[in-house]
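Since the structure comes first, as structure tokens, the remarks are kept for the end.
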Amino acid sequence: SHPLDLRLPTPGCFADPERAGLDADAVFDGMTEHLFFTLGKLAPTASNHDLYMALSYAVRDRLMTRYLASLEAIRARPHKTVAYLSAEFLIGPQLNSNLLNLGISKEIAEQALRRFRIESLDQILEVEEEPGLGNGGLGRLAACYMESLASLQVPAIGYGIRYEFGIFNQLIRDGWQVEVTDKWLKGGWPWELPQPEEACFVGFGGRTESYTDGKGNYRSRWIPSEHAIGIPHDVPVLGYRVNTCNRLRLWRADATESFDFYAFNIGDYYGAVEEKVGSETLSKVLYPNDGTDEGRRLRLKQQHFFVSCSLQDMLRSLGNRGIPIEEFPNHWTVQLNDTHPAIAVAELMRLLIDEHYLDWDTAWDITTRSVAYTNHTLLPEALEKWDLTRFASLLPRHLELIYEINRRFLQQVRLRYPGNDAIQRKLSIIDEDGGKAVRMANLATIAAHHVNGVAALHSDLLKRQLMPEFAEIWPEKFTNITNGVTPRRWVALANPALSRLLDEHVGPEWITNMELLTKLEERQHDTAFLEQWGATKLSVKRKLAGYIHRQTGVLVDPSSLFDVQVKRIHEYKRQHLNALQVITHYLRIKNGQANGMAPRTVIFGGKAAPGYYMAKLIIRFINGIAETINADPDMEGRLRVVFLPDYNVKLAEQIYPASDLSEQVSTAGKEASGTGNMKFAMNGALTIGTLDGANVEIRERVGPENFFLFGKTETEIMELQTKGYRPRQIVETLPELAEALRLIGLGHFSNGDGELFRPLLDNLTGFDPFFVLADFADYLRAQDEVNQAWTNRKQWNRMSLLNTARTGFFSSDRSIQDYCQTIWKAEPFPVEITCDVP
Ligand code: RUG
């Protein structure tokens, strides 16, 4: 460890716990100063938003010693640092997690707030806007990993884009999704530190030219036709109760010359700002597609923009410390979060060869020893490909380098598989089938020293189905790191009631060592404890019921079974399978066949990509079902259906802890991992799910008797596909399904409009690409089992307890330790703070 030597007076040096500045008086003083000096407000007229800002600034101040000490420690004694490159970081609200990680309790914050006449911290947390800088699982994973890296004291920087508009806000109008721009910055965002002095230049377009350098070497260089500037905005990421405070470094695009005085002087006012507007669109908006490749030019530009800035930043940091560039792989380990940052391979080569004058072999050695790639999907439509002409016009020099990487690689392939053209065509970075395109997954795989999938099944399919030839050439390259989620946000913050119980019965160390939760198993037959367990869940469900009522007007019974599916809306995730099951449930009640069926509240939430028609129709479908069911007096006290609009991190924090049943019903082989499944299980929800993604490992860990399994396996699905799948035949054998489909076709869930859901019906009965009907009967069977289990509440609570007790493995601390050991070879670097300020 490296003690911080702060030679100059350091305001609020909180090294000494006695003077830690974390008590209520200090927090109050900090708020008062910021309210007055930073925000220009007087306490008596301050709004909740003003108080949120003041408290956030006061908390941010308290991060600064650790933040600067962490930077200083690395500067003084270089240590391998993780560069996590990701187009998305879905970090969620910041105030509460910084309070927790700093060790400012809710009670302390409330003592300070009461002096401003605010009774509860929740009133202030409520007004915080969350930065929606991600779509779903992939972006949220990046955020969990940043938190765990800091908590494990591993130096890391998360590199990404500071989108001005994040993922859209979702409204529901007449049952349809309506997208509204997410203006998360409008009220000011207190958590970032702009660093304009560390800006980087990025080029686009133009041409390349060859020249001979002073030593007579033949070289190539790039002459871009346009440039943008990336301005880093740093967001501190504090670890849990440690001094390590890492950073997210998010790039905002700016114009190189923000105002063209020549154009202005000749009277062209709009022309004068044109370039500025053009450059700034680079960091304007997050692409709202999850798992599908939009293939737009601007997206490729965004990727190159943030990747180039980030690599330049890493190289510069070596330069600043006088470290030779050849040492790059010992100082940086560069993780590509999916293919979105895969252009890094070519950009690092370009920087090393064209700007630092290294030869090819040295540059390739550095690149391949630094870069690793995480694959998050097997869906062909999600594997990024860029049209060659478009790529060439935007990044001509990169294309030259990619051709050379490819030429050298294919030579190896030819040696290994002589005369096998098919393999060459398949492994080539350039796709020559149809319109030519650059395959980013191939580029990333060829350059990476490790390629990992995100759950055991997924990593296995990655090797066996998606990339068998690559895996044969480089078996040691391929590995699995099962995803994980941070227990700080997803248990401690989201579920304070459960946390208290865990503190009492396991001890507070569970929060950084989730394996300790197995101690709960000692209580699995303790009736009083199980009752307390159930009562804790009920108390959280009451809160969610209140929220549901305020948001949707629907009254739900907190003692009913809360059956929840929240995630992006996608056909492969099969929200429509769940919806069909709800219709069956409804029909059983209507037909008097619902004896013994426990009251249920079925909760859905999730956004659909704006251009994904079928996903949007599924939202409309769920809302149609909800409307019919909730209006039917026969359903009173028995069945309720709600679609909660605008599912995001903040809402997720309310939902996971209040769930009894977690719906993880994707078609086997399609969901790479899932991470929501882990959050549910940790919070004591039982899973009904298929053998897909991390469900497989969850089931293994919690025990098959504590998991409701259904559905075809991945192998069975493949067999069905090859044999020829006829969904219509299934309908004929299942009267309940036939009746549900008939009613939908009659407009029973669409105010008599029989046409509204026709495309969905045609899809399911015609082609059913995600095997919804193939799994329907088994799903109903598993739902009946759920119902049975719920009737024995003591047994249910026991199963719930065992889910929490046995899901410690899914902490992102474990995932990060795996990455550190197998891929990054990175180690903790504790930061010591010893400042002697009087
Ligand atoms: O769909 C996957 C999830 O299964 C996974 O849990 C998550 C994190 O690994 O990533 C999701 N994902 C995949 N998001 N985008 C993609 C494809 O680009």
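The values are calculated or read from the model by the stated rules, or taken from the named source; none is laboratory data. Note that this is a predicted model, so its numbers are computed, not measured. Here Cβ is always computed from backbone atoms with ideal geometry, including for glycine, and neighbour counts include all displayed protein chains.
Check the range 159-167 and report whether any residue there is surrounded by fewer than 24 Cβ atoms within 10 Å (Cβ to Cβ) and either away from the ligand (no atom under 15 Å from the Cβ) or touching a residue at least 40 places away in the same chain (Cβ under 8 Å) (or both). Before the answer, list the steps.
First, pick out the residues of the range 159-167 that are surrounded by fewer than 24 Cβ atoms within 10 Å (Cβ to Cβ): 164-165.
Okay, now just the ones that are also either away from the ligand (no atom under 15 Å from the Cβ) or touching a residue at least 40 places away in the same chain (Cβ under 8 Å) (or both), so 164-165.
Taking every residue of the range 159-167 in turn, at least one turns out to be surrounded by fewer than 24 Cβ atoms within 10 Å (Cβ to Cβ) and either away from the ligand (no atom under 15 Å from the Cβ) or touching a residue at least 40 places away in the same chain (Cβ under 8 Å) (or both).
Quick test for you: out of Ala156, Ala142, pick the one residue that is within 29 Å of Thr292 (Cα to Cα), in contact (Cβ under 8 Å) with a residue 60 or more places away in the chain and within 12 Å of the chain's Cα centre (by Cα). I'd like the intermediate steps shown before the answer.
Working: Ala156 fails: within 12 Å of the chain's Cα centre (by Cα).
Testing whether each residue is within 29 Å of Thr292 (Cα to Cα), in contact (Cβ under 8 Å) with a residue 60 or more places away in the chain and within 12 Å of the chain's Cα centre (by Cα) leaves just Ala142.
Could you tell me whether any residue of the range 653-672 is away from the ligand (no atom under 16 Å from the Cβ), under 19 Å from Arg701 (Cβ atoms) and of a type in the set (A, V, I, L, M, F, W, C)?
Within the range 653-672, one or more residues are away from the ligand (no atom under 16 Å from the Cβ), under 19 Å from Arg701 (Cβ atoms) and of a type in the set (A, V, I, L, M, F, W, C).
Looking only at the range 289-338, which residues are within 16 Å of the ligand (Cβ to nearest atom), surrounded by fewer than 21 Cβ atoms within 10 Å (Cβ to Cβ) and outside any helix (DSSP H, G or I)?
Across the range 289-338, the qualifying residues are Asn289, Thr292, Asp293, Glu294, Gly295, Arg296.
Kindly indicate whether any position in the range 48-68 is surrounded by fewer than 18 Cβ atoms within 10 Å (Cβ to Cβ), modelled with pLDDT of 95 or more and in contact with a Phe, Trp or Tyr (Cβ under 8 Å, 6 or more places away or on another chain).
Checked against the condition, which is being surrounded by fewer than 18 Cβ atoms within 10 Å (Cβ to Cβ), modelled with pLDDT of 95 or more and in contact with a Phe, Trp or Tyr (Cβ under 8 Å, 6 or more places away or on another chain), the range 48-68 yields no hits at all.
Out of the range 52-78, which residues are touching a strand residue (DSSP E or B) at 6+ places or on another chain (Cβ under 9 Å) and assigned to a loop (DSSP other than H, G, I, E, B)?
Across the range 52-78, the qualifying residue is only Arg77.
If only one of Ala448, Ala422, Ala456, Ala494 is outside the structural domain of Glu714 (by TED's automatic domain parsing), under 26 Å from Ala150 (Cα atoms), surrounded by fewer than 18 Cβ atoms within 10 Å (Cβ to Cβ) and of a type in the set (A, V, I, L, M), which one is it?
Working: Ala448 fails: surrounded by fewer than 18 Cβ atoms within 10 Å (Cβ to Cβ); Ala422 fails: under 26 Å from Ala150 (Cα atoms); Ala494 fails: surrounded by fewer than 18 Cβ atoms within 10 Å (Cβ to Cβ).
Result of the check over Ala448, Ala422, Ala456, Ala494: Ala456.
Out of the residues in the range 378-392 meeting the condition of being without any contact (Cβ under 8 Å) to a residue 60 or more places away in the chain and surrounded by 15 or more Cβ atoms within 10 Å (Cβ to Cβ), tell me which one is nearest to the ligand (Cβ to nearest atom).
So the first thing to find is which residues in the range 378-392 are without any contact (Cβ under 8 Å) to a residue 60 or more places away in the chain, and the list is 380, 388-389, 392.
In the following step, the residues that additionally are surrounded by 15 or more Cβ atoms within 10 Å (Cβ to Cβ) were identified as 388, 392.
Details: Leu388: 21, Ala392: 24 Å.
Per the criteria, the residue is Leu388.
I'd like to verify a number: residues in the range 405-419 that are surrounded by 16 or more Cβ atoms within 10 Å (Cβ to Cβ) and not aliphatic (A, V, I, L, M), how many?
Of the residues in the range 405-419, the ones surrounded by 16 or more Cβ atoms within 10 Å (Cβ to Cβ) are 405-406, 409-410, 413, 417.
Filter again for not aliphatic (A, V, I, L, M), leaving 406, 409, 417.
Residues in the range 405-419 being surrounded by 16 or more Cβ atoms within 10 Å (Cβ to Cβ) and not aliphatic (A, V, I, L, M): 3 in total.
For the range 85-111, give me each residue that is hydroxyl-bearing (Ser, Thr, Tyr) and assigned by TED's automatic domain parsing to the domain that holds Ala372.
Matches in the range 85-111: Ser86 only.
Quick one: in the range 425-445, which of the residues that are more than 16 Å from the ligand (Cβ to nearest atom) and among the β-branched types (Val, Ile, Thr) is surrounded by the most Cβ atoms within 10 Å (Cβ to Cβ)?
Taking the range 425-445 as the starting set, the residues that turn out to be more than 16 Å from the ligand (Cβ to nearest atom) are 425-438.
From what is left, the residues that are among the β-branched types (Val, Ile, Thr) are 429-430, 438.
Working: Ile429: 24, Ile430: 19, Val438: 27.
Filtering the range 425-445 for residues that are more than 16 Å from the ligand (Cβ to nearest atom) and among the β-branched types (Val, Ile, Thr), the one surrounded by the most Cβ atoms within 10 Å (Cβ to Cβ) comes out as Val438.
Given (1) among the β-branched types (Val, Ile, Thr); (2) modelled with pLDDT of 95 or more; (3) surrounded by fewer than 17 Cβ atoms within 10 Å (Cβ to Cβ), where does Thr281 come up short, assuming only one miss?
That leaves (2) as the condition not met.
Among the residues that make up the range 182-191, is at least one of them within 16 Å of the ligand (Cβ to nearest atom), closer than 25 Å to Arg249 by Cβ and out of contact with any Phe, Trp or Tyr (no Cβ under 6 Å at 6 or more places or on another chain)? Quick ask: steps written out before the conclusion?
As a first pass, look at the range 182-191 and keep what is within 16 Å of the ligand (Cβ to nearest atom): none.
No.
Name the residue, out of Leu410, Leu358, that is assigned to a loop (DSSP other than H, G, I, E, B), out of contact with any Lys or Arg (no Cβ under 8 Å at 6 or more places or on another chain) and modelled with pLDDT of 95 or more.
Numbers: Leu410 fails: assigned to a loop (DSSP other than H, G, I, E, B).
One residue alone meets the criteria, Leu358.
Going residue by residue through the range 680-691, is there one that turns out to be assigned to a loop (DSSP other than H, G, I, E, B) and within 16 Å of the ligand (Cβ to nearest atom)? Show your work before the answer.
Applying the first criterion (assigned to a loop (DSSP other than H, G, I, E, B)) to the range 680-691 yields 683-685, 690-691.
Those still in the list that are within 16 Å of the ligand (Cβ to nearest atom) too: 690-691.
Scanning the range 680-691 turns up at least one residue that is assigned to a loop (DSSP other than H, G, I, E, B) and within 16 Å of the ligand (Cβ to nearest atom).
Only residues that are in contact with a strand residue (DSSP E or B) (Cβ under 9 Å, 6 or more places away or on another chain) and part of a loop (DSSP other than H, G, I, E, B): list them for the range 511-557, please.
Asn513, Val554, Leu555, Val556, Asp557
Restricting to the range 134-158, and then to whatever is among the polar types (S, T, N, Q) and away from the ligand (no atom under 16 Å from the Cβ), can you tell me which residue is surrounded by the most Cβ atoms within 10 Å (Cβ to Cβ)? Give the derivation first.
Taking the range 134-158 as the starting set, the residues that turn out to be among the polar types (S, T, N, Q) are 135, 148, 151, 153.
From the residues that got through so far, the ones that are away from the ligand (no atom under 16 Å from the Cβ) too are 151, 153.
Working: Ser151: 26, Gln153: 19.
Once the filter is applied, the top-ranked residue is Ser151.
List pairs: first residue in the range 454-466 and closer than 19 Å to Ile698 by Cβ and assigned to a helix (DSSP H, G or I), second residue of a type in the set (D, E, K, R) and within 13 Å of the ligand (Cβ to nearest atom) anywhere in the structure, Cβ distance under 6 angstrom, at least six positions apart or on different chains.
Between residues of the range 454-466 that are closer than 19 Å to Ile698 by Cβ and assigned to a helix (DSSP H, G or I) and residues that are of a type in the set (D, E, K, R) and within 13 Å of the ligand (Cβ to nearest atom), the close pairs are Ala456/Glu697.
Just for the range 362-377: of the residues that are closer than 16 Å to Ile823 by Cα and outside any helix (DSSP H, G or I), which one is farthest from the ligand (Cβ to nearest atom)? I'd like the intermediate steps shown before the answer.
Step one: filter the range 362-377 for residues closer than 16 Å to Ile823 by Cα, giving 366-375.
Next, from what is left, pick out any that are outside any helix (DSSP H, G or I): 371-375.
Values: Val371: 18, Ala372: 15, Tyr373: 12, Thr374: 7, Asn375: 9 Å.
It comes out as Val371.
Within the range 693-702, is even one residue closer than 20 Å to Thr536 by Cα, in contact with a Ser or Thr (Cβ under 7 Å, 6 or more places away or on another chain) and within 12 Å of the ligand (Cβ to nearest atom)? Break it down stepwise before answering.
The first filter runs over the range 693-702 and keeps only residues closer than 20 Å to Thr536 by Cα, leaving none.
No, there is no match, as no residue in the range 693-702 is closer than 20 Å to Thr536 by Cα, in contact with a Ser or Thr (Cβ under 7 Å, 6 or more places away or on another chain) and within 12 Å of the ligand (Cβ to nearest atom).
Note down all Cβ pairs under 8 Å where the first residue falls in the range 329-342 and is under 20 Å from Ser459 (Cα atoms) and among the charged types (D, E, K, R), the second is within 11 Å of the ligand (Cβ to nearest atom) and not in a strand (DSSP E or B), and they're at least six residues apart or on different chains.
Asp338/Ser86; Asp338/Ala87; Asp338/Leu138; Asp338/Asn375; Asp338/His376; Asp338/Thr377
Out of Pro324, Pro329, Pro341, which single residue is outside the structural domain of Ser673 (by TED's automatic domain parsing) and within 20 Å of the chain's Cα centre (by Cα)? Break it down stepwise before answering.
On the way: Pro324 fails: within 20 Å of the chain's Cα centre (by Cα); Pro329 fails: within 20 Å of the chain's Cα centre (by Cα).
One residue alone meets the criteria, Pro341.
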